[in-house]
2 protein chains.
Amino acid sequence: MSEPKVTIADVAREAGVSKGLVSFALNDRPGVSAESRVRILEIAERLGWTPSLRARSLSTRRSFALGLVIARDPEVLGSDPFFPSFIAGVETVLAPQGLALVLSVVPDEKTEMRTYRSLVSDGRVDGVFLSDLRHNDPRIPLLQELGLPAVTLGRPDTESPFPCISVDDTPGVAETVRYLVSLGHRRIAHVAGSPALLHGSRRRAAFDTALREAGLPAGQSIETDFSVAAGADAARRLLTQDSPPTAIVFANDPMAIAGLGVAHELGLRVPDDVSITGFDDIDFTRYVYPALTTVRTAPSDWGRAAGRTLLDLMALGTAPDVDLPAGRLVIRGSAGTPLRP
Amino acid sequence: MSEPKVTIADVAREAGVSKGLVSFALNDRPGVSAESRVRILEIAERLGWTPSLRARSLSTRRSFALGLVIARDPEVLGSDPFFPSFIAGVETVLAPQGLALVLSVVPDEKTEMRTYRSLVSDGRVDGVFLSDLRHNDPRIPLLQELGLPAVTLGRPDTESPFPCISVDDTPGVAETVRYLVSLGHRRIAHVAGSPALLHGSRRRAAFDTALREAGLPAGQSIETDFSVAAGADAARRLLTQDSPPTAIVFANDPMAIAGLGVAHELGLRVPDDVSITGFDDIDFTRYVYPALTTVRTAPSDWGRAAGRTLLDLMALGTAPDVDLPAGRLVIRGSAGTPLRP
DNA sequence: AGGTTTGCCTAAACCGGTTCAGAAGACTCG
DNA sequence: CGAGTCTTCTGAACCGGTTTAGGCAAACCT
């Protein structure tokens, strides 16, 4: 079956030159005559030579792979389409370069730190993506100490030596709130994501600011862990109290969809009795009823940008931050004029 | 920062023995006196030696990584929580062994085949998981030819040299149909998954059989690609025709949730006017309205079983098939007695 | 002319492990 | 006591590339 792998030594012998020269020719580096170069390439081709990643790894001390460590409760992970799309985006830039993606899904943050350490000490990856950025993220100093190139998904709130790919969630949240206000809403609540996560607390801050700018009093906010279950709980709490909000801004779509379910269950009409908005514009949003008004983000663009930036960083030693265009509000049916403001 | 990596040569020098002996001691293989062994281990420990995966890879011709290639439209991938959970399950068995998971998300089947080839020729992985099994799956002969250990997720419909992890979907579908019939439904339709995918066509066959066994005439089936959008389209077609079905069995939850949305949009009451059931019991099902009656499956158990089986296969050269317990129907509110049978 | 540079190439070391042939010493056995 | 066997260990080859030091000849000075 597996015909004996042909090595550069075979090519060298066939071409009557030294191993070193073959290596030079193959990597087209100077110091090889044009004539020899084509002959060597031709012979390598004819012999069906393919480079041995393992040998190359050993001598160049690179692994030709990038890492992504995801620390999330599998439950939360499942309902969040961010990662599949993000990964698909990353792959579009890695694959052409012959780089692989090493994925780790770990249950908690402690394991996460250990995982980074072992990825490095095993030399498994040449760089990593840092997602779900947290406040004062301990992974940044860790990776700095480990000397591993990294790209952060989101702008860290601490000093960071790494380039970041970020998108400002503020405009999307602000647009949402303005839209709701323009429809006549005055009691607007927010179901926030995890306050430990930067995008969670930033969306919340954006919400607070937007209310203030609309001249409204501070609204209710409930913190969650971004999970569908927590979103449902929060919605229930908000909607079963006295004088419930007429609109709820959810920090992500899965929670908003759960909110829709809760509203229906409570016999409330959406958007007549309560308006609901989401964030991310996942696949589902178009197909729930009423279709979800939400802010569109583009996870696969993140993936592409992150991949490119990490490649640049590794090749050039430095890479600029990337600011992705802010998400725009997509208006569908789940938000409307309140029946009883 | 990065202190010069300590190698077995350092340990050997320090212990006053040869490199070979150190290697033997470290891998605890016979031929080392108990005395030397502990001394070498002690010194390795003291020096902070850690094995170089790269060097080991080169000399043992193994990569200590397993591969998963996912060929799916990113859109479909995003709404399907199978893979995140599956991967989390796989990781629980890989991580303790120091194995990594190499993930590839590719857009189409052609790229998929190329990806397998390059994973092998690069020696990136020691084995792979074969998911989304198709009829007459070309990946099986390919992997056989490439000599790569593999585990199939689902039982292939062709001769296969690989162990498979499978679960029989028939009981779940049958239970669903029986339940609907017991509620009084007579016109039951099916929104099937992709006929190219084994689990798609098997669920459909199970549906047909179940109807027959209930003494009902063949029901309507619509084929889809498992995507939310296709599910919504199918639901719309089914529900807008003359004498629409009173119940729709969807081949997965995302489509069922879309079906729920379509029903609402058409002004139909669920379950009074139409009952809807899903398959998989994803996170969302509990939180849509009405909560989805569906069949529970356990993707992370698949992951664990697949991981263990692949490890066994690689270690022992053979591993038995695993039959996972069939999914049971989870009764919630989306299916009920038809108002107008 | 002699010395320096340049272009092309080779040999060998190196990356950090594993593995194998065989040496040296201790032990067994007839 | 000498041959044979075990155990323990060494040295070197090996995995398949990259990289460096240096050799040799032709071209380039002045």
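Farthest toward the dipole's positive end in chain A, which of A:113, A:334, A:250, given Cβ charges of +1 (Lys, Arg) and -1 (Asp, Glu) about the Cα centre?
Of A:113, A:334, A:250, it is A:113.
Principal axis extents for the protein assembly as shown, Cα atoms only, whole Å, descending order, please.
83, 65, 59
Let me check I have the definition right: for region B:201-341, take the eigenvalues of the Cα gyration tensor, multiply each by 5, take square roots. What are those semi-axes in whole Å, largest first?
Calculated on Cα positions only, the semi-axes equal 33, 17, 14 Å.
Can you give me the long-range amide H partners of residue B:63? Hydrogens built in the peptide plane at 1.01 Å from N, cutoff under 5 Å, separation of 5 or more residues or another chain.
For residue B:63, the qualifying residues are B:126.
Between residue A:317 and the same site in the other copies, what are the distances in nm, shortest first, taking label points 7 Å from Cα along the C-beta direction?
Those separations, rounded to one decimal, come out as 5.2 nm.
Roughly how compact is region A:122-250, stated as its Cα Rg over 2.2 N^0.38 Å to two decimals?
Taking N as the residue count of region A:122-250, the ratio is 1.28.
Mean-square fluctuation check for chain A, GNM, Cα pairs under 10 Å: which of A:213, A:145, A:42 is largest?
Highest fluctuation among the options: A:42.
In whole Å, what are the Cα extents of region A:26-71 along the three principal axes, biggest one first?
Each principal axis gives a Cα extent; for region A:26-71 these are 53, 23, 16 Å.
Using a 7 Å offset from Cα along the direction of the beta-carbon, what are the separations from residue B:35 to the same position in each other copy, nm, ascending?
Inter-copy label distances (nm, one decimal, shortest first): 6.5.
Name the long-range amide H neighbours of residue B:71: under 5 Å, sequence gap of 5 or more, or other chain; modelled H, no Pro or chain starts.
B:106
Quick one: Karplus J couplings for region B:135-141, per residue in order, coefficients 6.51, -1.76, 1.60, θ = phi - 60°, nearest Hz, x for Gly and Pro?
Rounded to whole hertz, the list is 5, 6, 4, x, 6, 5, x.
Based on the mean of other beta carbon atoms within 10 Å per residue, what is the order of B:321-331, A:25-35, B:281-291, B:90-100, most packed first?
Working: B:321-331: 16.3, A:25-35: 12.0, B:281-291: 22.9, B:90-100: 19.5.
Highest to lowest by the protection proxy: B:281-291, B:90-100, B:321-331, A:25-35.
Can you tell me the orientation of helix A:253-265 relative to chain A, as the angle in degrees between its alpha-carbon axis and the longest Cα principal axis, to the nearest 10?
30 degrees
By how many nm would the segment from residue A:47 to residue A:272 grow when fully extended, if each residue of separation counts as 0.36 nm and the alpha-carbon distance is taken off?
Working it through step by step, the gained length comes to 73.8 nm.
So, with +1 on the Cβ of K and R and -1 on the Cβ of D and E, and no other charges, what is the size of the charge dipole of the protein assembly as shown about its Cα centre, to the nearest 20 debye?
Its charge dipole is roughly 760 debye.
Apply the Karplus curve 6.51 cos²θ - 1.76 cosθ + 1.60, θ = phi - 60°, to the phi angles in region A:298-312 and return the couplings in whole Hz, x for Gly and Pro.
10, x, 6, 5, 4, x, 4, 4, 5, x, 4, 5, 5, 4, 4
Along Cα-to-Cβ, 7 Å out, sits the label point; list in nm, shortest first, how far the one on residue A:266 is from those in the other copies.
For residue A:266, the other copies' label points sit at 3.0 nm, shortest first.
Just want to confirm a number: the relative contact order over region A:8-51, from Cα pairs under 8 angstrom separated by 6+ residues, in percent.
Once divided by the residue count of region A:8-51, the mean separation gives 40 percent.
Give the calculated FRET efficiency between residue A:19 and residue B:9 to the nearest 0.05, with a Förster radius of 35 Å applied to their Cβ-Cβ distance.
Between residue A:19 and residue B:9 the formula returns 0.90.
When 1/r is averaged over all different Cα pairs and the result inverted, which Kirkwood radius in Å belongs to region B:1-93?
Mean inverse Cα-Cα distance, inverted, gives 16.6 Å.
Over 25 Å apart: what share of the alpha carbon pairs of chain B falls there, rounded to a whole percent?
Tail of P(r) above 25 Å: 59 percent of Cα pairs.
Which part of region A:315-336 falls in the paramagnetic zone of residue A:29, meaning amide N under 18 Å from the point 7 Å along Cα-to-beta-carbon?
What the label zone holds, given the 18 Å backbone N cut-off, is A:315-316.
Taking the 0 to 90 degree range and rounding to the nearest ten, how far is the long axis of helix B:82-94 tilted relative to the main principal axis of chain B, both from C-alpha atoms?
Rounded to the nearest ten degrees, it is 30.
Quick one: among B:158, B:50, B:240, which has the greatest mean-square fluctuation in a GNM of chain B with alpha-carbon springs under 10 angstrom?
Looking only at B:158, B:50, B:240, the biggest GNM fluctuation is shown by B:50.
Mind checking which of A:6, A:138, A:78 is farthest towards the positive end of chain A's charge dipole, using Cβ charges of +1 (Lys, Arg) and -1 (Asp, Glu) about the Cα centre?
Value computed over the given set: A:6.
I want to check the label-to-label distance for residue A:157 and residue A:113. Put each point 7 Å from Cα in the C-beta direction and report it in nm to one decimal.
1.9 nm
For residue B:134, list long-range residues whose amide hydrogen, built 1.01 Å from N in the peptide plane, is under 5 Å from its own amide hydrogen.
B:198
How far is helix A:198-213 tilted off the main Cα axis of chain A, in degrees rounded to 10, range 0 to 90?
With both axes taken from Cα atoms, the answer is about 40 degrees.
Within region B:33-130, which trypsin sites (Lys or Arg not before Pro) sit in a loop by DSSP and count at most 12 neighbouring Cβ atoms inside 10 Å?
Filter output for region B:33-130: B:61.
Given region A:221-293 reduced to its alpha-carbon atoms as identical point scatterers, what log10 I(q)/I(0) does the Debye formula return at q = 0.13, 0.22, 0.26 Å⁻¹?
Once normalised to I(0) and log-transformed, intensities are -0.30, -0.89, -1.26.
Give me Rg over Rh for region B:8-51, both radii from the alpha carbons and Rh done the Kirkwood way, two decimal places.
When Rh is taken as the Kirkwood radius, the ratio is 0.90.
Taking beta carbons within 10 Å but only from partner chains, what does the mean come to for residues B:97-107?
6
Where the centroid of each part is defined by its Cα atoms, how far is region B:136-181 from region A:242-303 in Å?
37 Å
What aspartates and glutamates could a cross-link reach from residue A:110, if we take a straight Cα to Cα line under 19 Å and drop same-chain neighbours fewer than 8 places away?
Within the straight-line cut-off, residue A:110 pairs with A:73, A:75, A:122, A:132, A:137, A:145, A:225, B:91.
Bear in mind these aren't lab numbers, they're just calculated from the coordinates by the rules spelled out. The shown structure was predicted, so the numbers you read here are calculated from the model rather than taken from an experiment. Heads up, the Cβs are rebuilt from the backbone with ideal geometry, glycines too, and the neighbour counts pull from every protein chain shown.
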